[in-house]
Amino acid sequence: MSGSLFIISAPSGAGKTSLVRALIERDPAVRLSVSHTTRPPRPGERPGVDYHFVDEARFLDLIARGAFLEHAEVFGARYGTSVEEVDPWLERGIDVFLDIDWQGARQVRSSRPEAVSVFVLPPSREVLLERLRRRGQDSPEVIARRMAGARAELAHHAEYDYLLVNDRFADALAGLQSIVAAARLSRRVQMRRQADLLAELLAEDGSV
């Protein structure tokens with residue numbers, strides 16, 4: 001596989017999905033994996049684009065078949081990333097982002113230790129709360145539950161390779177672009193992508 005696998009996590013409302021979507025608009029060699037979920041679609045969400053919406057029975061069947069690279073239960077709904085959603089893109093040289101929580105990130109790192117992981121931090125709890133309210137998608141009860149869950153999610157920040165504060169969106173996006181650029185220049189990736197060049201340069205043929 002010549003593409004790189006990226007994990008991005010954050011508490012709800014920190015803006016991780018918006019950052020990845022903005023990155024994809026600027027970089028055709030990046031794709032966001034579409035997860036499976038058992039929760040119902042939110043207003044404006046499109047099946048197969050935002051999520052693969054499935055029922056509980058179908059999700060459990062996919063688990064039994066070993067179809068998921070990772071899966072977890074979050075706020076009473078199941079989420080999972082299928083191997084078929086990721087590996088074909090990596091094989092084509094496309095970098096793939098997984099928008100998942102810390103539970104899924106642990107599973108991915110276990111089977112794909114080469115994955116690059118990024119945790120997005122909000123600039124403050126007050127800003128995080130305001131962003132959740134502005135979305136207009138959740139009731140006050142759900143927002144309170146998400147804020148309570150944010151601390152639990154944030155407690156796992158030290159498990160990630162990079163921490164990115166999403167205060168000014170443009171700055172956070174530039175930081176994410178830098179992380180992707182650095183990953184593409186890593187020795188592991190370049191040895192694979194530049195195998196022919198390295199072989200030529202190291203050939204003992206006596207030429208100058």
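Each value in this text was obtained by applying a stated rule to the coordinates, not by laboratory testing. Fair warning: this is a prediction, and the values are worked out from it, not measured in the lab. Neighbour counts are summed over all protein chains in view; Cβ atoms, including those assigned to glycine, are modelled from backbone coordinates with ideal geometry.
Points worth noting:
- Where labels lie 7 Å past Cα in the beta-carbon direction, separation of ASP171 and ARG145 in nm: 3.4 nm
- For VAL74, the residues whose amide H sits under 5 Å from its own are TYR79, ignoring neighbours fewer than 5 places away on the same chain, with H placed 1.01 Å from N.
- About the Cα centre, charge dipole magnitude for segment 5-196 (Lys/Arg +1, Asp/Glu -1 at Cβ), debye: 300 debye
- Residue among LEU185, LEU198, LEU173 with the largest mean-square fluctuation in a Gaussian network model of the chain, springs linking Cα atoms under 10 Å: LEU198
- Spatial separation of Cα centroids for segment 122-201 and segment 52-86, in angstrom: 22 Å
- Farthest toward positive dipole pole in segment 5-196 [+1 Lys/Arg, -1 Asp/Glu at C-beta], among LEU62, VAL49, LEU154: LEU154
- Trypsin sites (Lys or Arg not before Pro) lying in DSSP loop within segment 22-71, provided at most 14 other Cβ fall within 10 Å: ARG65
- Amide H contacts under 5 Å for PHE97, placed H, 5+ residues apart: PHE6, ARG31, LEU32, SER33
- Ordering LEU5, THR17, LEU176 by Cα displacement along the dipole of segment 5-196 toward the positive end leaves LEU176 in first place; charges were set at the Cβ atoms of Lys, Arg (+1) and Asp, Glu (-1).
- Relative to the dominant Cα principal axis of the chain, helix 16-26 is inclined by about 40°.
- Relative contact order [Cα under 8 Å, 6+ residues apart], segment 5-196, whole percent: 30 percent
- Residues with amide H under 5 Å from that of HIS52, placed H, sequence gap 5 or more: SER35, HIS36, THR37
- Computed extension gain for LEU201 through ARG106, at 0.36 nm per residue and net of the alpha carbon distance, reaches 30.3 nm.
- Residue by residue, segment 60-76 carries 3J(HN,Hα) couplings of 5, 5, 5, 4, 4, 7, x, 7, 9, 6, 7, 7, 7, 10, 9, 6, x Hz when phi is fed to the Karplus relation 6.51 cos²θ - 1.76 cosθ + 1.60 (θ = phi - 60°); x denotes Gly or Pro.
- Axis angle, to the nearest 10 degrees, between helix 102-111 and the longest C-alpha principal axis of the chain: 30 degrees.
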